[in-house]
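The values are calculated or read from the model by the stated rules, or taken from the named source; none is laboratory data. Here the structure is a predicted model, which is why all the values come from computation and not from measurement. With ideal geometry, Cβ positions are generated from the backbone for all residues, glycine too; neighbour counts draw on all protein chains shown. Ligands, DNA and RNA are excluded from the accessible area calculation, which covers all protein heavy atoms including side chains. Shrake-Rupley method; radii C 1.70, N 1.55, O 1.52, S 1.80 Å.
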Amino acid sequence: MLNVQTSEIENRAVKLGTTDGTKVHAKDVNVYYGDKRALFDVTVNIPDRSVTAFIGPSGCGKSTFLRCINRMNDTIPICRVTGKITIDNEDIYDPSLDVVQLRARVGMVFQKPNPFPKSIYENVAYGPRIHGLAGTKAELDHIVQTSLEKAALWKEVKDRLNDPGTGLSGGQQQRLCIARAVAVGPEVILMDEPCSALDPIATAKVEELIDELKQNFCIIIVTHSMQQAARVSQRTAFFHLGILVEEGATNDIFTNPTDKRTQDYITGRFG
Amino acid sequence: MTVETAPMATGTLIASRSKQDIQARIAKRYAAERRFRAYGVSAILFGILFLVALFSTILVRGYSAFTQSAFTLDVNLDAGAFGSSSPPTESDLLMADYTKLANRALFQVLGVDPANRADAKAAAALLSANADTQIRKAVLADPSLIGKSVQLTLLAHGNVDSLMKGQFDRNIPEGRRQLSDKQLAWLDKAAEAGFLAKHFNTGLFTYGASSKPETAGVGVALVGSLYMMLIVLLFAVPLGVAAAVYLEEFAPKNFLTDTIEVNINNLAAVPSIVFGLLGLAIFINFMGIPRSASLVGGLVLALMTLPTIIIATRAAISAVPPSIREAALGVGASKMQSITHHVLPLAVPGILTGTIIGLAKALGETAPLLMIGMVAFVVEYPKTPIDAATALPVQIYMWATAAERGFVERTAGATLILLAFLVCMNVTAVILRRRYERRW
């Protein structure tokens, strides 16, 4: 199932990849909403081809930090970001960097499934089309098919690609959104509580999918479910009140947290 | 402490209350709800009552305007009436005494002796003053008719029309009546013989202004209104949508944009006559566009409609869920692409509805047109938007002030035409909205 796109990504990764396997590197990141400070000096390394989970109570800044990685916070006028975030050693807040190009490299899946009110095919084809990734209709068809296959949705929708994407079930919609993100050929995929609007069966499917996607992508997932973090992630970062309290291998965080707050949170004492 | 005791206190309270107490409270609650519903239903019924009263009045008064009485006569176009030269020259055709031809045909069927001058005058008064024009038109259209006897439908005078429609009281003493006993006898005979009858009134849609009710129509007003609607569409829609998109999506939030927003909302509430004054000062006095031109009217109405369109478009744009924008930005669409590919298509039904409702409002607007001289007696069709024209509501206003009986029904008839246009536009808005509506 290796196709043009994945090999392209691999080439890019080889060309730009860092020696220690770090894909995203953040140093002293602060975020302010107006006068309110939402993140305090977050410094973290996120490895490539693995799943990193951000956990923490509501309002702890994990989503805010996630949205810094594809500069989605730029759309909020009062939001201000300081510090440095690099992807493959490239500063993404460099003024000369094009945000649109960045977002093509860093895909995003949102909390609530948000397919475009267009056909399933158009949903997936939109990204490749605006970035000019396909020269011909056949190439576009190929991208759509492989993206849907990667999102484990192809079998369910291959006979009704022209049906509206909004007519799918919640779980299918979310996988469609993942297919849409994958279709652009990103290096990093950000997922903001992708399963919070889904039932357990759909959640299981998406988690399975995340597990498969990590072979080709750097995945960062924000989740409220600690079980989910434990199930899908290799590394976990715990945020509390805008501070990155602890970050490490998922096993260590859940079995042997070093910080008292982490311990309290994962044992359910607060949050 | 209080937190501990509160649930207990409520518990004992509920327990202490008797069953009757609780039932009484429930009954009271239901009664209040029923009362509230009754208020709502009566308010709606009240509204419907007025609407029915309004429409039935207009209909009862106006339906008769859609028929018009006319004589069907065999007019003998003998060559002698068209001068000596053969074939007759164009000036012969224009100058011929068509009234004489029309009268002769009428006298023949009524059995009136042309030599009896009083009778002849009374009988000639039954034909519309426009009858000669009708014959001339027929002859000019086909000069080969000359020398033949042609059956033509000639308009009857407005008084005859009133009689045919039963709006005429025969019990009034002869001296104070518009039609004498002799004339009534002729007309009764003619109606019985079938050559005086009511026909569908195409003239109502094709004629321009006239002092005679039988030859007055909304044709010129319709063309004027059409020009103005086109001008409103051309100016107000692109400007309004562009302004709304900029304000909603691109403009920074600061004092200036806040001020602009407040002013747009205020402009929507400015009395329309003020826009008329503005149009008079700028378009006519400053820019020198001729008075009464539908261009000026259209521009004034465009200015008036602009705030409505901007507000409707902004509402439609902001109703597009932010998740769609985020989704577009998330796959790497630029701001512009997210707007043109996703936000605007989803906002189209709202924009269309706002535009059509704005247009409908403009179509029915009278006051600003009075200011820019569109209350005009225009007989000729305007060929361009620069020519003098009038508008449908203004035509209604002018007819409402006319004295003749025939104009009363025409006022109501023209109102029906205007209402029909408004209903059509609103139905279009509903259909378009249904058609483009998408769920997300």
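Is it fair to say A:Cys60 is more than 14 Å from the chain's Cα centre (by Cα), among the hydrophobic types (A, V, I, L, M, F, W, C), within 14 Å of another protein chain (Cβ to nearest Cβ) and within 30 Å of A:Tyr265 (Cα to Cα)? No; evaluated as a whole, the condition is false for this residue. Within segment B:309-361, the set of residues being away from chain A (no Cβ under 14 Å) and under 25 Å from A:Asn73 (Cβ atoms) comprises B:Arg314, B:Ile317, B:Ser318.
The one condition from (1) farther than 14 Å from A:Lys150 by Cβ; (2) within 12 Å of chain B (Cβ to nearest Cβ); (3) of a type outside the set (Asp, Glu) that A:Ser196 does not meet is (2).
Within segment A:124-135, residues that are more than 11 Å from every other protein chain (Cβ to nearest Cβ) and more than 14 Å from B:Gly330 (Cα to Cα) have Cβ atoms under 8 Å from residues that are open to solvent by 30 Å² or more (accessible area, probe 1.4 Å) and at pLDDT 90 or above in these pairs: A:Ala134/A:His142, counting only partners at least 6 apart in sequence or on another chain.
Taken over segment B:364-377, the criterion of being touching a helix residue (DSSP H, G or I) at 6+ places or on another chain (Cβ under 7 Å) and either within 12 Å of chain A (Cβ to nearest Cβ) or surrounded by fewer than 21 Cβ atoms within 10 Å (Cβ to Cβ) (or both) is satisfied by B:Gly364, B:Thr366, B:Ala367, B:Leu370, B:Val375. Within segment B:373-414, being closer than 12 Å to B:Pro213 by Cα and not in a helix (DSSP H, G or I) holds for B:Ala402, B:Ala403, B:Glu404.
A residue that is touching a strand residue (DSSP E or B) at 6+ places or on another chain (Cβ under 7 Å) and away from every other protein chain (no Cβ under 14 Å) occurs somewhere in segment A:71-80. Just checking, does segment B:225-237 include any residue being part of a loop (DSSP other than H, G, I, E, B), under 24 Å from the mean Cα position of the chain (by Cα) and in contact (Cβ under 8 Å) with a residue 60 or more places away in the chain? Looking through segment B:225-237, none of the residues is part of a loop (DSSP other than H, G, I, E, B), under 24 Å from the mean Cα position of the chain (by Cα) and in contact (Cβ under 8 Å) with a residue 60 or more places away in the chain. What's the total number of residues in segment A:92-122 that are of a type outside the set (Gly, Ala, Ser), over 18 Å from the mean Cα position of the chain (by Cα) and either at the interface with another protein chain (Cβ under 7 Å from one of its Cβ atoms) or within 21 Å of A:Leu161 (Cβ to Cβ) (or both)? Number satisfying all stated conditions: 6.
Counting the residues of segment A:196-248 that are open to solvent by 30 Å² or more (accessible area, probe 1.4 Å), more than 22 Å from A:Leu168 (Cα to Cα) and of a type in the set (Ser, Thr, Tyr) gives 1.
Yes/no matrix, rows are residues, columns are (1) on the phi > 0 side of the Ramachandran plot; (2) open to solvent by less than 60 Å² (accessible area, probe 1.4 Å); (3) in a helix (DSSP H, G or I):
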| residue | (1), (2), (3) |
| --- | --- |
| A:Pro115 | no, yes, no |
| A:Ala125 | no, yes, yes |
| A:Ala138 | no, no, yes |
| A:Lys155 | no, no, yes |
| A:Gln172 | no, yes, yes |
| A:Leu176 | no, yes, yes |
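Evaluated against (1) out of contact with any strand residue (DSSP E or B) (no Cβ under 7 Å at 6 or more places or on another chain); (2) outside any helix (DSSP H, G or I); (3) open to solvent by less than 10 Å² (accessible area, probe 1.4 Å), A:Leu190 falls short on exactly one condition, (1). If you filter segment B:384-398 down to residues that are among the hydrophobic types (A, V, I, L, M, F, W, C) and open to solvent by 10 Å² or more (accessible area, probe 1.4 Å), you find that the one that is farthest from B:Ile372 (Cα to Cα) is B:Ile396.
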